[in-house]
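Have a look at the structure below, then the notes.
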Amino acid sequence: MQGTSKPPVSVEELWAMNSCGYTREAWVEMHRRKGYTLDNQPPRDFFAADVSKCSPAVSSFAAKAREGRPAGLLLSGKAGRGKTYAACAIIRAAQDCKSVGLATDAELVRAAKATFNDRNASEAQVIQRYTLPGVLVLDDFGKASYSSDWVLQLVFSVIDGRLRQGRTTIVTTQYDAASLMSKLTVNGDSATAEAILSRFRTYEKVKLDGEDLRAA
């Protein structure tokens, strides 16, 4: 790794100007490789993630992501089975040649809601920011509050937009298809929920079993 160098402005200012399509953690990691540093520590999963320690199916998908082959991956399993670790390992393997992002569906919803009182931001910009990265992880999918059709349409727009534009999407979730259908059904209307799950059916599927790694 190169020695520490001082950017022309602070890393925080650089991130604010150039983070389109990235989460803060992914952006910081890429710029750390160029010698930039931050005082705070990124999430443990991101820096610890090593694709060589993942299953062959995860390693194979990481190779596709790195080569720029559009694909989708659904990582499922109970809490603590290594879903986020595997997803982070994939984007770390791909980030030298692709823009990457990592967020939860709840963070996506919060970002869109934050535009309601911001004249300089819009829901369309948020959708674009989440659609733009070459590789995006939607972590812990199903934990957002799906209480309105607006939330469903927002999430659908990102998932569908990424599929249409040939971008790689990785979704991690604790829920099976039936549980997701129940969570995404609003006021008895399951049409958008079905549309989201239909797109997930085009993804590769990897289920992570075993013991809770956090309890080890």
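All of the numbers you see were taken from the coordinates with simple rules; none came from a lab. The shown structure was predicted, so the numbers you read here are calculated from the model rather than taken from an experiment. Because the Cβ atoms are built from the backbone with ideal geometry, glycine has one as well, and the counts that use them run over all protein chains shown.
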Here, K78 and S198, labelled 7 Å along Cα→Cβ, have an inter-label distance in nm of 3.4
Toy charge model, Lys and Arg Cβ at +1, Asp and Glu Cβ at -1: region 81-216 dipole around Cα centroid in debye, rounded to 20, equals 320
Toy charge model, Lys and Arg Cβ at +1, Asp and Glu Cβ at -1: region 71-110 dipole around Cα centroid in debye, rounded to 20, equals 160
Computed from the beta carbon distance with a Förster radius of 45 Å, FRET efficiency for S145 and S59 to the nearest 0.05 stands at 0.85
Set K64/K205; K78/K98; K53/K205, cut-off 26 Å on Cα-Cα distance; pairs above it are K78/K98
With 0.36 nm assigned to each residue of separation and the Cα-Cα distance removed, Q153 to A106 gains 15.5 nm
Farthest towards the positive end of the dipole of region 91-189, among Y146, A114, G188 and with Cβ unit charges of +1 on Lys and Arg and -1 on Asp and Glu, lies the Cα of A114
Between N117 and D160, the two model label points (7 Å from Cα along the beta-carbon direction) sit apart by a distance in nm of 3.1
Subtracting the Cα-Cα distance of A124 and A177 from 0.36 nm times their residue separation yields 16.3 nm
